[in-house]
Amino acid sequence: CMVEHMAVTMQSRFCRFAPTPRWRNLGVFGMLDETRHTQLDLRFSHDLLKQDPRFDWSQKAFHTNEWGVLAVKNFFDDAMLNADCVEAALATSLTVEHGFTNVQFVALAADAMAAGDINWSNLLSSIQTDEARHAQQGFPTLSILMEHDPARAQKALDIAFWRSTRLFQTLTGPAMDYYTPLDQRKMSFKEFMLEWIVNHHERILEDYGLKKPWYWDQFMYSLEHGHHAMHLGTWFWRPTLFWKPNAGVSKDEREWLREKYPTWEENWGGMWDEIIKNVNTDQIEKTLPATFPSLCNLTQLPLGSAFSLNDLADHSLTYNGRLYHFDSAISKWCFEQD
């Protein structure tokens, strides 16, 4: 709800500062879209309070210091509120809305309808039609920027794509590969990313004469590992979260994970075996954290959650006398650009 409300402010800045009247008018319609989305989300979550009081988090989340929420808030603060019109349009309208959320809304609406949840399906479909309209602010912006400053366009997209990826490794990855009941899974998170996000982004880059990000090989590698690391971390630090993460590592589920991710057992199986042993021997205290997670100073996500356990490394720098830590060399690079 609050991300949608932040988007109202971003669209209002387009209305005020965008350099063409056509774009400013689109910003007006974008404000109306995002206002409606906020109201729909608030109404929908309010109706669900009778099912679970945690739906109150849809409204109060951004008014807390809960670390999972801060990661979302931090990204959209930067992309929507702190960026200028041009970079906000590239990061939000083109990368997030057109590249990530539009396709997810279509898929989620179809899944919800198949599961008989007509209200949720209609809500998502209704929002998606708006997204498809105001997301179009990104393409003309990119086209004109490529005529004048292609290096800036490349850098803005490379930063936005990595930061979006990290967020969806957190939000969508565990939901698809661990929280969804086994008999309802249509594809893995990796398969979804390859089919919908990777192909789509490669086509945009090619159409506009841009290169793949310098970290493309690392990004592809992270599809195999990142969300598994994030899921393990969120389950272990479950007392610090506002939702109740499902472990999703029964024997049948592990067989599915091994089929979709051939290195899953090698990287994650041993740790889950230890957790399962501690749970079954009534040593729950060994499955609970004694600290808060250590977070990346860019993404606000846990250090070591971008790749596999074999890739843990220090990525840090001192800036203006302060020591900063990052979850990857890519996040460190993003920080250094600004």
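The values are calculated or read from the model by the stated rules, or taken from the named source; none is laboratory data. Not measured: the values here are computed from a predicted model. So basically every Cβ, Gly included, is an ideal-geometry build from the backbone, and we count neighbours across all protein chains shown. To get the accessible areas, we keep the full protein, side chains included, count just its heavy atoms, and leave off ligands, DNA and RNA. Shrake-Rupley method; radii C 1.70, N 1.55, O 1.52, S 1.80 Å.
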field: Dipole-positive endmost among 31, 199, 310 within the chain (Cβ charges, Cα centre)
entry: 31
query: How far, in nm, would the chain grow between residue 191 and residue 28 when pulled straight, counting 0.36 nm per residue and subtracting the alpha carbon separation?
result: 55.0 nm
Cα centroid separation - the stretch 203-236 against the stretch 58-117, whole Å: 17 Å
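For residue 284 and residue 106 in the same chain, what is the full-extension length gain: residue separation times 0.36 nm, less their Cα-Cα distance, in nm?
Numbers: separation 178, 0.36 × 178 = 64.08 nm, distance 3.98 nm.
Gain on extension, residue 284 to residue 106, equals 60.1 nm.
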- line: Cross-link reach from residue 50 to aspartates and glutamates, straight Cα distance under 18 Å and at least 8 residues apart if same chain, gives 41, 117
message: I want to check the label-to-label distance for residue 47 and residue 259. Put each point 7 Å from Cα in the C-beta direction and report it in nm to one decimal.
response: 3.6 nm
field: Protein accessible area in the chain, 1.4 Å probe - carbon and sulfur %
entry: 55 percent
- prompt: Direction-averaged shadow area of the convex hull around the Cα atoms of the chain, nm²?
  reply: 18.0 nm²
message: Given the options 237, 1, 174, identify the residue whose Cα lies farthest towards the positive end of the charge dipole of the stretch 1-238 (+1 on Cβ of Lys, Arg; -1 on Cβ of Asp, Glu).
response: 1
query: Which whole-Hz ³J(HN,Hα) couplings does the stretch 70-83 yield from phi under the Karplus relation 6.51 cos²θ - 1.76 cosθ + 1.60, θ = phi - 60°, glycine and proline marked x?
result: 4, 4, 5, 4, 4, 4, 6, 4, 5, 6, 9, 9, 9, 7
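Can you work out the FRET efficiency for the pair residue 55 and residue 115, with r the C-beta to C-beta distance and R0 = 30 Å, to the nearest 0.05? Walk me through the numbers before you get to the answer.
Values: r = 18 Å, r/R0 = 0.61.
Approximately 0.95, to the nearest 0.05.
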- prompt: R0 = 30 Å: FRET efficiency of residue 36 with residue 179, Cβ-based, nearest 0.05?
  reply: 0.60
- request: Work out how much length residue 143 to residue 325 would gain on full extension: take 0.36 nm times their residue separation and subtract the Cα-Cα distance, in nm to one decimal.
  value: 62.0 nm
field: Listed residue pairs exceeding 29 Å between alpha carbons, taken from 277/332; 244/332; 211/332; 73/190
entry: 277/332; 244/332
message: Using the Cα centre of the chain as the reference point, and only Cβ charges (+1 on K/R, -1 on D/E), how large is the resulting charge dipole? Debye, rounded to the nearest 20.
response: 680 debye
task: Please work out the FRET efficiency for the pair residue 15 and residue 206, using the Cβ-Cβ distance as r and a Förster radius of 25 Å; give the result to the nearest 0.05.
output: 0.20
